[in-house]
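The values are calculated or read from the model by the stated rules, or taken from the named source; none is laboratory data. All values derive from a computational prediction rather than experimental measurement. Cβ sites come from the backbone with ideal geometry, for glycine too, and all protein chains shown count toward neighbours.
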Amino acid sequence: MTGSMLFGAFFAAACYVLIPGPAFLALLGIGAGQGRKAGALFLGGHLAGDLLWSSLALVAIIGAQTIGATVFDVLGLLCGVYLAWIGWKALRARRGLENGAVLTVARPLRRGLLFGLTNPKGYPVALATFTALLSSSSSALDFAALPPLLGASLIGFLIADGVLVAIIGAGLVRRFYRRHELAIVRLSGLLFLGFAAQAIWHAAPGLLGWRRA
């Protein structure tokens, strides 16, 4: 287990939470309508989904690496293409009427739990993000590394959730987001494209036979 692997898992988890997506927009609306406490409850419930999808992603990544480097390279290439696709979609996004809408949720903890566990994009985004950021350390991945990687991921989730709780509900943040929503979404698209380039950069040499023994 290396420090770069732990940092990669930590950073992947933080990015998974902080990159704008459906849960981010829902949280912004809840924070705008009901304040930080409701937003924190929503994130507390959503954490269950974050842990579930990241655990499944790490199991898939480590399993692929255990089977063989070629499988991991193919997985990395596919994840890179997927990240590039969603990044391109974000770059071409247009302002939606529903984005940033104020929400009123009677049970934000339950809403967050259901939202996190049923998000159809949770697993592929987690898989793609973790693959992109762990691919440089793929040779050291095994199932013995799973517990510390999950621990580092949990810390990343909690810190990112803390950042979101600190900023939601603030009038300045809500006004800034609504004013610059399209630019923020497109910047997140650039970040996804960067992750895509990282994944493809590490997958291509093995697939092309350029990797050194």
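Mind checking which pairs have a first residue in segment 23-42 that is charged (D, E, K, R) and a second that is at pLDDT below 75, Cβ under 9 Å, 6 or more apart or different chains?
Going by the 9 Å Cβ cut-off, the qualifying pairs are Arg36/Gly169; Arg36/Ala170; Lys37/Gly169.
Of the conditions (1) closer than 23 Å to Ile61 by Cβ; (2) in contact with a helix residue (DSSP H, G or I) (Cβ under 7 Å, 6 or more places away or on another chain); (3) surrounded by 14 or more Cβ atoms within 10 Å (Cβ to Cβ); (4) at pLDDT 80 or above, Pro148 fails just one. Which one is it?
If we test Pro148 against (1) closer than 23 Å to Ile61 by Cβ; (2) in contact with a helix residue (DSSP H, G or I) (Cβ under 7 Å, 6 or more places away or on another chain); (3) surrounded by 14 or more Cβ atoms within 10 Å (Cβ to Cβ); (4) at pLDDT 80 or above, just (3) comes out false.
So which residues in segment 152-182 are more than 17 Å from Phe42 (Cα to Cα), loosely packed, with under 14 Cβ neighbours inside 10 Å and at pLDDT 90 or above?
Result: no residue meets the conditions.
Does Pro108 fit the bill of being surrounded by fewer than 17 Cβ atoms within 10 Å (Cβ to Cβ) and at pLDDT 80 or above?
no
For segment 188-213: of the residues being farther than 16 Å from Leu134 by Cβ and at pLDDT 80 or above, which is surrounded by the fewest Cβ atoms within 10 Å (Cβ to Cβ)?
Filtering first and then ranking leaves Leu190.
Looking at Leu78, is it crowded, with 20+ Cβ neighbours inside 10 Å and either modelled with pLDDT of 75 or more or in a helix (DSSP H, G or I) (or both)?
Considered against the rule, which asks whether it is crowded, with 20+ Cβ neighbours inside 10 Å and either modelled with pLDDT of 75 or more or in a helix (DSSP H, G or I) (or both), Leu78 comes out as no.
Being modelled with pLDDT of 75 or more and not charged (D, E, K, R) is the filter here, so list the residues in segment 81-101 that pass it.
Applying the first criterion (modelled with pLDDT of 75 or more) to segment 81-101 yields 81-82, 84-85, 87-89, 91-92.
Across segment 81-101, the qualifying residues are Val81, Tyr82, Ala84, Trp85, Gly87, Trp88, Leu91.
Quick one: would you say Ala140 is within 17 Å of the chain's Cα centre (by Cα) and modelled with pLDDT under 80?
no
Given the condition at pLDDT below 90, farther than 17 Å from Gly116 by Cα and in contact with a helix residue (DSSP H, G or I) (Cβ under 7 Å, 6 or more places away or on another chain), answer yes or no: does some residue in segment 37-46 qualify? Working first, answer last.
Pass one, segment 37-46, residues at pLDDT below 90: 37-39.
Right, trim to farther than 17 Å from Gly116 by Cα and you get 37.
Filter again for in contact with a helix residue (DSSP H, G or I) (Cβ under 7 Å, 6 or more places away or on another chain), leaving none.
No, that holds for no residue.
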